[in-house]
Amino acid sequence: MSKESRERLITQGQMVNDLFQEALKSVLEAAGRERLSEIPVADLERLMADAVRAAASRLGLETEPEVPDQSALWAEPLGVLTTDHMGYVSFDLRRLGADVQLMLSEAIQARQLGTGPSSSLAVWIYPSGHSGRFDALDQARFSSDAILARLKVSWHTLPSSLINMGPRALQNPSLTDWRLSPASFAATPTTLLGADGCEEMVPSNLALQEFVLRQVVRLVDVPPNFGVPQEFKAAYVDDYKVTWFSLGHSLGEILYSLPLAPGESVKLAVIDWSWDSVAKRDEKTKMTEELLHQTHRDRTISETVKAGVKELQHGSSFMAGAAGSSGATGGANLGVVGLGAAVGNTWSLGGSTATSDGSRDLAAENVQRLNDSFSQASSSQREINSTVVIQARQEEKESIQTRTFSNYNHSHTLTILYYEVLRHYRVTVEWVRRRPSVLVQMSLNLPQVLTAKALLLRRFQLEPFLLDPKLAAGFDAVARVVLGEEKLKREVEKWGANTQTIDPGAKLFVKLIAQFTTTSDDTSEPVFVVLHLLDGRIFEFQCDGAGDEGTSPEFEKTLPVAIPWKDIRGIEVKLKDINSGGDWQESNILVTMVTVENERINILADSGTRTLDDAGGSTGLLPSKQPPSATTTTVGLKPNRNDFVSAEDDVALQSLVAHLDMNRGYYNSVLMLGTDANTIAKDFEKKQWSPGQVMSDHVDPTPLEVFGSYVAYGLAKQPSAVDDTTVVDIAAALNGTDPTRRQWATSVLAAMSEQDRQTVLERLPLASAKSERLISMPTRGVFAEGKLGHCNVSEEIDNTRFWKWDEHPIPIDAPGINPVTPIQPQPQQPGVAPTPFPPAVVNIVSPSPAPDPGGLAAALSLLGTPNIFRDMSGRQEVADLLKKLSDNTIAIAEAANKARDIQAKYGMGLDKQEKDAELGTTQAGAEVAKEMIRQRREEAQQVSPSQAQDAIKLSESETRKGNKSQEEHKDYSKQVQQNVQGAKPVRKSKSTIKLNVDLKGYGNNLLIGRFGIDVKQRGASVGFLTATDYSRQGQLEVGVTNEYDDPRYSLEINGEVLGGVGINAELRGRGVVQIPREDFDLYDYFYLVATAEYGEFDFETTKSDEVSEEVAKKLGGGVDLAYKQIITMKTEGGIEWKDGKKHTSASAVKVKVVYYTGGITMSYSKKP
């Protein structure tokens, strides 16, 4: 209030009351409150001031005009910037708080509406070097997104330190800055190219690139009259246009700097030399080697040795001797003369006669039958194809550049800065149109199993749209894989057509060889062999002398015609009554056929014993051995895929397939959008749209976009008559500032129908939406600029010091660089020689020689040994006796005892030899005669108990007489007791037995291969089989001797598996087998089981070679040996990796491995 009004209030107290009552009442009414405490403090001050002024005016009191508050309540600094070369600077107001931005918007709106300036907000600008400040809002230059202020200030040079720091002119560059100052984003042409207007480069105002994007809008509530049946899905497809405009270039970050001291000169030599040498060698070598070898050997050796020695020895000795002795003596003494007499008589008589005669009859008979047939068929084929393709490219590039940098300033440093050059783009996204569409289920997808052929067929569609461009080379690998697989297919077809059929039944026989074995019942009748054929023909051959006792010689007969093996039905052997030679008992018939190649094949080996009547007896038709079935095999090795497809191409194919599988949805859309419209139209012709109409009548066959598993196709008939370009033009006019264009847009909308106007109004927000962005991208160029140092490094001129540099300049030449010599490349000549082939690894193996029969030679050598019979005469002993008798050295009684001992010694031997002579053989005879002697002796020694008692008493009498010793008597008594009829038989020791060994492996399967056996009894070798013996049926039979009558045998088996499971596995094992005693005493043929030991484990790997290495670790040997020991290695998917090939897997697989450990377990098996 004024001074006068305040004085009146002092003197008039009632006026004061009226003023405040009216003012407080006005405040409560204006605020709509009952109490002052309910009014916010910020509003109370303003309401109270207005109420007091109004009340004072009604009471006639004067008030002072309101003075605005010029003090700053708060301030938010925006930063310090420097203007660019165009004098432009830009602050980012979007960094302000939300409340401040709201106040700024209200202030701008108040100025645009003309309601007057607002003193509550100001945007102050403080130019450097100017004493005042400017409010940017005072000029009222407002755009949709910026406040523009134009200031005119005097030129003021910034401090050097601030200039060298390179402050920024734009806090956050955007398209708004480009619109306000386009030259700020591009250097001026005079800066880039020089002055004087030599050339001016103006950035292009046209769009550099334009793209069209589509977006599918799914409709849940379909508008009426949309034109899509209910069974189809309706949608909109909005088209957007993306446009790139060039805004020019500017400098970016500093890439490199070169500092130079005052007067410094630097010389640089840049040598850019590159040598590129690419040599590619593609060698493809194919080696096919095949050896088809069939060996058939049929050898029959039958040898019978009969030998007998018959000896009769008789010896007698007569000894007699007499000896006598007498004598007398006498004497007399006749004085001087003495007389004496002596008479003596002695005589000795001895006689000896010894006779010894003997007779030896040695008879030996040997029948040897040896049939040996060896046939070998070999076919060898070897093919070598080697192709070497060498591509070599050599390129040399050398660039030498020398540069000199000099700083001619004596007092300032010089820094050369290299900036990167940035290129700016304005990118806009605008809505173009909306098309009603229909969504159709996708019918073209990638196959579930992506093969090389499938990818090659779709290469033209997939390769341009690969998400990872590095995988583009995979399609080249796909083409090579398809080509390799096609070559493999043709090679397999050629290999399958090259077959060879081997039919053993087609062998032609030209000779027949027959041999017979006759028992004791022989015949002189001729034997006829009758050959029966399947076609009814009969060929009869006479074999004279075939019915003789023993084994006959071979009867070789030439067939009248060559006969195939498969045409033979059987053999018949019969007699004809010609010589009345009696019946014939045969025990073996062997018929062998001989082919043109002199191959011998046994077609009949009948060992049954039968008797044929001499009046035409016959064996009947004996079925012959039928030939094996014909086998057809391919010639050569089967082509392998690894020979046609490289591992690198397989890996590239797998990588491409994995990528396509992971992004299957994306590539399905690529295939669908890339399908030809005519192909889609043909499919639409088959789909019903509505009754009586097909889809091609209403839908455009061009695919627009993919939405999930559907493809959007535009409708052929648009439901609205309004063109989308009209909508875009109306939106641009309404959003612009041109009143004429606004009036045009209003007139067009008014002239439309209600439905079209509604359609336009619905699309106006889309047409009005426009996105713009500023994008900066670095270029390959750089921009160099020199910066002088702001500090003067020279001292002040002092006449007392030297300063005349013009007379004595500083040498700025740097030492010269030696001449640069280009590098001389030394290319290497690639080798073109193909890899030599290894030597052949398959060869024909000659069969091992069969042993020749030699049993008869050993027997005859034994029987022909001289002095094998003892001297039975006792000549030496008698001679000694007579000599001693004559020498009177022994008494007569002692001579008698000596003679009795000699008689006992040779008498028992004579009795034994006489018994042997009666049987017709000796212990040195053949084994057959020995067995007969043993049997007859056992029968002869079977006595009754009373007879045994008498024999024992007689032996006691002989012992008392001195004819037997006590030991002989004990042995004789024991033997008699054992031979008593009804007594428990004594265990009989066998000289030989046979062992049948079943070879079993994994899964209880019989092992087929070559195995050898070494059998020992108490450490002594008693039988063996060499490792060349072939266990075709998984069984081996070995004959052993029983040297120690011990049922325990030690067997060592070694060999190699050639068939079944675990082929080429080498096995070796040793074990002791004990045969039960009761079985050992009762039988002479025993069955054993040899089971190969094996191990198993699970192993995760990606390569089959790693399995062999793991087995080698367990066995402690090499990898090659370990691979042979593996029986099976099967994956979880059931794929067998033990097939002679190497296997790999992209991911680790679990493999079950079973392998032979090499050991063998022995056991005894009692078979019925």
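Rounded to the nearest whole Hz, the Karplus-based 3J(HN,Hα) values (6.51 cos²θ - 1.76 cosθ + 1.60, θ = phi - 60°) of the range 702-713 follow the sequence 8, x, 9, 7, 9, 10, x, 9, 10, 10, 8, 10, with x at glycine and proline. If you take all other residues with their beta carbon under 13 Å from the beta carbon of ASP1139, and give Lys and Arg +1 and Asp and Glu -1, the sum is +4. Close amide H contacts of VAL123 (hydrogens built in the peptide plane, cut-off under 5 Å, sequence separation of 5 or more or a different chain): ALA136, LEU137. Working from label points 7 Å from Cα in the Cα-to-Cβ sense, the ALA269 to GLN21 distance is 11.0 nm. Karplus-derived 3J(HN,Hα) values for the range 740-755, using 6.51 cos²θ - 1.76 cosθ + 1.60 with θ = phi - 60°, are 5, 5, 4, 5, 4, 5, 5, 5, 5, 5, 5, 7, 7, 6, 4, 5 Hz; glycine and proline are entered as x.
Peptide packing: for 457-463, 962-968, the average count of neighbouring Cβ atoms within 10 Å per residue gives the ranking 457-463, 962-968, highest mean first.
What ranking, highest mean first, results for peptides 144-150, 481-487 when packing means the other Cβ atoms within 10 Å averaged over each residue?
Per-residue mean Cβ counts within 10 Å order the peptides as 481-487, 144-150.
With K and R counted +1 and D and E -1, the other residues having a Cβ less than 15 Å from that of VAL438 yield a net charge of +2. Multiplying the residue separation of GLU106 and LYS770 by 0.36 nm and removing their Cα-Cα distance gives an extension gain of 236.5 nm. Across the range 3-58, the relative contact order, built from alpha-carbon pairs under 8 Å that are at least six residues apart, equals 39 percent.
Remark: the LEU9-LYS1142 segment gains 396.1 nm on full extension, using 0.36 nm per residue and subtracting the alpha carbon distance.
Backbone phi angles across the range 608-621, fed through the Karplus curve with coefficients 6.51, -1.76 and 1.60 (θ = phi - 60°), yield HN-Hα couplings of x, 8, 8, 10, 10, 5, 5, 8, x, x, 9, 7, x, 6 Hz in residue order; Gly and Pro are listed as x.
Just so you know, all these numbers are worked out from the coordinates, no wet-lab data involved. It should be emphasised that the depicted structure is a prediction, and the values quoted were computed from it without experimental measurement. In this analysis, Cβ positions are derived from the backbone assuming ideal geometry, glycine residues included, and neighbour counts consider all displayed protein chains.
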